[in-house]
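Working notes, structure below.
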Amino acid sequence: MRRIGVVILLGLFTAGCGARPAHERRDPAPTSAPSGAPLTEYKSPDGALILQIPDGWHASKNTDFVLFLIRDDQPDSALSLDIPSIPPHIPGLIPLGMVTDGYLDDLRKLWPGLKLQTDEPRDIPDAKAHFVHAVWPHHDKVESALLIVKGDHVYILRATGAPDHKELWSAYDQLLASMKWR
């Protein structure tokens, strides 16, 4: 009987731990950036993550992410932070492998033929993290995402845009390097 309960809990967890594509999100979180005000530092709604906003990038309203950054001169490129809702689970038990698999499954549903170029663990103090880099089928767009499990939260910090957009990839590196945890 005990074993069945564990299987049911893990099944519930697996069913909802992947990052949902924008069109499937049930409870989008609005950006916390004040309208029209320049944002130089961002604190996640739970207060655990602090990011420094790269020069030239500004927050744009997007209900699918807690933070969505764009450059006016590059409308097809974006930096974003998602803190997806996760189903009830045993506290402290969020398997990073399941988060990564759910994220990749969602990407593959949106973009059949997606090519995964990088899929590797990353070291982040006091957290579990995995880095994924995927190329769209026609190589006109790529997405890099750092999937982080810290405590009972999942954070997805991603960059999406053209593979040759130097400002995007430089800004993404700066954003990743600026991460601070409380």
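The values are calculated or read from the model by the stated rules, or taken from the named source; none is laboratory data. Keep in mind that this is a model prediction, so the values were computed, not measured. When we count neighbours, we look across all protein chains shown, and the Cβ atoms used for this are built from the backbone with ideal geometry, even at glycine. Calculation scope for accessible area: heavy atoms of the full protein, side chains included, ligands and nucleic acids excluded. Shrake-Rupley method; radii C 1.70, N 1.55, O 1.52, S 1.80 Å.
Do the alpha carbons of any pairs in LYS43/LYS128; LYS115/LYS180; LYS115/LYS166 sit beyond 23 Å of each other, and which pairs? Flagged as over cut-off: LYS115/LYS180. In this structure the amide hydrogen of LEU67, modeled in the peptide plane, comes within under 5 Å of the amide hydrogens of LEU81, none closer than 5 places in sequence on its chain.
Computed over protein heavy atoms with a 1.4 Å probe, the accessible surface of segment 67-182 works out to 50 Å² per residue. Ligands, DNA and RNA left out, the 1.4 Å accessible surface of segment 68-171 is 54% carbon and sulfur atoms. Near PRO163: Cβ cut-off under 9 Å, other residues only, Lys/Arg at +1 and Asp/Glu at -1. The net charge is -1.
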